Structure formats: C-alpha cells, structure tokens
1. For region 232-260, what are the residues that are open to solvent by 60 Å² or more (accessible area, probe 1.4 Å) and either at pLDDT 90 or above or among the basic types (Lys, Arg) (or both)?
2. Somewhere in region 1-9, is a residue in contact with a Phe, Trp or Tyr (Cβ under 8 Å, 6 or more places away or on another chain) and not in a helix (DSSP H, G or I)?
3. Which residue is most open to solvent (accessible area, probe 1.4 Å), if the candidates are limited to region 144-158 and must be among the aliphatic types (A, V, I, L, M) and in a strand (DSSP E or B)?
4. If you take the residues of region 30-50 that are under 31 Å from the mean Cα position of the chain (by Cα) and of a type in the set (Val, Ile, Thr), which of them is most open to solvent (accessible area, probe 1.4 Å)?
5. Among the listed residues Thr229, Thr204, identify the single one that is polar (S, T, N, Q) and at pLDDT below 90.
6. What single numbered condition from (1) closer than 28 Å to Ser200 by Cβ; (2) at pLDDT below 85 fails to hold for Gly274?
7. Give the residues of region 85-143 that are under 20 Å from His203 (Cβ atoms), open to solvent by 40 Å² or more (accessible area, probe 1.4 Å) and at pLDDT below 55, sorted by residue number.
8. If you go through region 29-45 one residue at a time, do you hit one that is modelled with pLDDT of 55 or more, among the hydroxyl-bearing types (Ser, Thr, Tyr) and closer than 18 Å to Gln116 by Cα?
Amino acid sequence: MAELMDRLSDSLLLEILERVADVNSLGRLKAVSKRMQQLVQQVSVVVVKVDSVVAGEESSLSARERILTHFVQFVVGRIVRPLHALQHLLGREKRIVAEVSRHTPLEVLRNFRAVQSLRIVLPRGDVIENGVLLRWKAEFGSSLESCVMLGADSVINAGIQKSEHTKSVPLDNGRIPESFYGGDMKLRVIWTISCFFAASQRHTLLQEILLDHPTLEHVMVLDADGQGTMCMDRDQLLDFQAKAAGVVSPILSRGQVPLLNIKLWYAPVLDLPGGIRLKGASLIAIRPSNQPVGFLSQVMM
C-alpha cells in the first residue's frame with residue numbers, strides 16, 4: 001500500500017485531501033506517514049463538524065426563555081474569551097461551541113496553516129419551534145452587513161388540501177391585517193431577536209479563528225438542519241482583519257452593533273411551486289441604516 005501511495009504525486013494527493021475536507025478524517029490521515037502529515041497541513045478546504053449539542057435543560061426552554069439565555073450568552077461572550085472561559089461559566093454540560101474530538105474548532109484548526117475555505121457545521125439550529133418554518137442567513141464583515149429571515153407558522157402540502165384555496169390570500173390593499181399585530185407580531189419579534197443573536201454569537205466565536213488564519217477567503221457557519229447560515233467572503237474577511245488590527249485586544253472588546261433598518265413582508269397564505277403552502281409567511285430583512293434594504297436578490301442566492 002505504501003508503495004502505491006509513493007507513486008502518487010504530491011499535487012494529486014493534495015487534490016484528494018481537499019476533496020475529503022472533513023477535519024476528523026484529515027486528522028487520521030496525518031498519522032499515516034510524515035509525507036501525509038505535511039500534505040494535510042497544506043489543505044486549503046476544511047470542514048469542521050461539531051458533533052454534540054448544548055444538552056439538557058436548554059432544549060426544553062420556551063422561545064422567550066431561550067431569548068434571555070441567548071442574550072446572556074451573547075453579552076458574556078463579548079467580555080470573556082468565548083471558546084474557553086465561557087465553557088467554565090456555563091458548566092460542562094452547557095457549551096456554546098461543542099467539542100470536536102474533545103478539542104475546540106480553534107485548537108483543531110491550528111494544525112492547518114493554509115486554509116482558504118472553512119465550513120463549520122453545527123448539529124442543529126438555536127431556535128427550535130414545533131411545526132414552525134424558520135430559515136435565516138447573515139453576512140458579516142467587522143460587524144453585521146445583512147441578515148434575512150424567512151418564517152412561517154406552518155408548512156403544508158397544498159396539493160393534498162383539495163378543499164382549500166389554491167392561490168395566495170391577498171392583503172387588504174397591500175396592508176398587513178390588524179389581526180397580525182397581536183400574537184403574530186410578537187412571535188416574529190421573538191424570531192428576529194433569536195436569529196440576530198444566533199448570527200452574532202457565531203461571529204463572536206469565529207473571531208479567534210479568523211485572526212489565527214489570515215489565509216481564509218471564505219467562511220461559513222451553518223446548522224446541519226438548515227436553519228441558519230452565517231457567512232463571510234474575502235472582502236468581508238479583509239474588513240474584519242483591518243478593523244481588528246487597530247484594536248489592542250479585539251477578542252475582549254465589545255463589538256459595536258450599528259444602527260439597523262428592519263423591514264417585514266407578510267402574507268397570511270403563500271403558495272410556492274411544487275404544491276407547498278406557507279401559512280403566516282414572513283420575510284424579515286435587517287441591514288445597517290446607512291445601506292439600502294434592496295439586497296434580497298444577492299443575499300438569498
């Protein structure tokens with residue numbers, strides 16, 4: 001087997017390793033030989049799968065209780081080193097970033113010095129509501145640049161519901177109905193705050209990794225169940241690094257939240273291609289007030 005490996009060029013082996021990408025698999029391959037160890041350190045595409053979740057009590061909390069928990073975690077995460085000290089503050093069974101093979105992503109990634117594309121996969125979304133559709137995507141540079149959230153009270157197969165209307169229910173002259181401003185509005189405020197804190201939390205926890213890997217050109221943190229995605233492209237990473245260079249201790253300093261514009265679109269019933277019907281469909285866009293809200297076509301792609 002070793003003789004067959006020796007026949008392969010370094011460039012071919014490196015191409016194979018970059019297609020593997022998974023950090024745990026790459027870690028095992030490092031033990032094969034010194035040559036493989038050197039090649040693994042040159043891999044530019046890495047995927048880190050966080051293999052455990054915040055356990056126990058938090059999963060049973062209501063949406064409002066989770067918001068308070070996220071707020072406390074967010075504030076504490078801005079004051080202490082989030083990947084280490086926060087574990088001690090919350091206890092062994094309540095980790096914001098779970099261990100990957102008993103190491104944090106920061107520790108695991110120190111073995112890779114040429115990473116250009118990084119994807120961190122979390123086991124599930126932070127906002128869990130039975131029967132509710134909730135998806136969000138946020139982009140950051142040194143601070144929030146945009147966040148878009150799609151939510152719905154329920155998702156049904158409209159093709160099976162023969163007795164119901166087959167078209168979207170129009171609003172009264174394009175206005176949101178008065179009934180929306182009761183419980184529906186409160187629920188969407190909860191969704192918005194929860195998604196915003198989840199996105200900001202991921203950005204905070206990435207900061208040490210970003211400073212430790214100046215070669216990065218694309219970063220994505222996403223949930224395995226598809227609920228949320230936080231991403232940064234090359235220009236946004238350069239913006240973060242430029243702002244961080246002027247701060248004595250960027251990890252310990254509290255990031256400033258810019259003034260934000262929030263816009264909401266709502267439809268009581270919305271039919272999508274494929275016979276999918278959303279009830280109480282809501283699209284919420286968040287962006288700094290000095291930038292226009294007309295960015296949905298770019299963010300949702």
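1. Asp233, Arg234, Asp235, Leu238, Lys243, Arg254
2. no
3. Here the residue is Val155.
4. Val45
5. Every option except Thr204 fails the conditions.
6. (1)
7. If the condition is that a residue be under 20 Å from His203 (Cβ atoms), open to solvent by 40 Å² or more (accessible area, probe 1.4 Å) and at pLDDT below 55, then Gln87, Leu89, Leu90, Arg95 are the ones that fit.
8. yes
The values are calculated or read from the model by the stated rules, or taken from the named source; none is laboratory data. Just so it is clear, the model here is predicted, and its values are computed rather than measured. Using ideal geometry, Cβ is built from the backbone for each residue, glycine included, and neighbour counts are taken over all protein chains shown. In case anyone asks, the SASA skips ligands and DNA or RNA and just uses the protein heavy atoms, side chains included. Shrake-Rupley method; radii C 1.70, N 1.55, O 1.52, S 1.80 Å.
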